[in-house]
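A short worksheet on the structure shown next.
The values are calculated or read from the model by the stated rules, or taken from the named source; none is laboratory data. Predicted, not measured: the structure shown is a model, and the values here were computed from it. Positions of Cβ are generated from backbone atoms using ideal geometry, with glycine treated the same way; all protein chains shown enter the neighbour counts.
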Amino acid sequence: MFAANSLRFVRPALLAMSLAAAGALTGCSAVHITTPPGFAELDKADGYRYRASNAEGVVLAVRREKNDPSGDLAFWSGAVDAELRRAGYTALEAHEVAAGGIKGKQIRYAIRREGREHAYWVSVFVTKKSVVTVEAGGDKELFVHQEAAILNAISSLDIG
């Protein structure tokens, strides 16, 4: 199915978080994010606290991990970036982002899959106890039309 196939582009950050945090999920409070218009919320799977997709396979997902080892935004965004680059993603640009008064870093990537260019964004937010990633991706031609909605969803994030 399109959503399941599209989520494979989200998995590299899952891998990075799992490697960096030794796979330690935390029982911290839930995260909340506004589902963009035209997206449907999917069942949680693979450790995601939230997953959604539109009909064209553009996806949005949120993970929350324990901040262990205890690191700051530079550490965690660097760990995710290093893992994605090793996995073949090309970093295009980085931006400061904020959600719920917490500053974060968003790195935007490109990767070629099945002969098509794909966009992949990962936004990293760090608190004393948690690391939260918001991941978005899909075929670049389709993703570009969802960028504003995805940015609005990211800014709606409540880490709790």
Among GLU135, GLU96, the single one that is in a strand (DSSP E or B), of a type in the set (D, E, K, R), crowded, with 22+ Cβ neighbours inside 10 Å and modelled with pLDDT of 95 or more is GLU135
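Yes/no per residue for (1) closer than 22 Å to LEU73 by Cα; (2) of a type in the set (A, V, I, L, M):
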position	(1), (2)
GLY100	yes, no
LYS103	yes, no
GLU114	no, no
VAL122	yes, yes
ASP139	no, no
ASN152	yes, no
SER156	yes, no
Every pair of residues 6+ apart whose Cβ atoms lie under 9 Å, when the first sits in the range 77-98 and is within 19 Å of ARG63 (Cα to Cα) while the second is hydroxyl-bearing (Ser, Thr, Tyr) and assigned to a helix (DSSP H, G or I):
VAL97/SER155; ALA98/SER155
Which ones in the range 107-145 are in contact (Cβ under 8 Å) with a residue 40 or more places away in the chain, acidic (Asp, Glu) and touching a helix residue (DSSP H, G or I) at 6+ places or on another chain (Cβ under 7 Å)?
GLU135
Let me confirm something: among ALA40, ALA30, which residue is of a type in the set (Gly, Ala, Ser) and either surrounded by 14 or more Cβ atoms within 10 Å (Cβ to Cβ) or part of a loop (DSSP other than H, G, I, E, B) (or both)?
ALA30
I need every pair where a residue in the range 47-59 that is at positive phi and surrounded by fewer than 22 Cβ atoms within 10 Å (Cβ to Cβ) has its Cβ under 8 Å from the Cβ of a residue that is hydrophobic (A, V, I, L, M, F, W, C) and outside any strand (DSSP E or B), sequence separation at least 6 or different chains.
GLY47/LEU14; GLY57/PHE2; GLY57/ALA3; GLY57/LEU142
Any idea which of ARG112, ARG64 is more than 14 Å from the chain's Cα centre (by Cα), part of a strand (DSSP E or B) and at negative phi?
ARG112
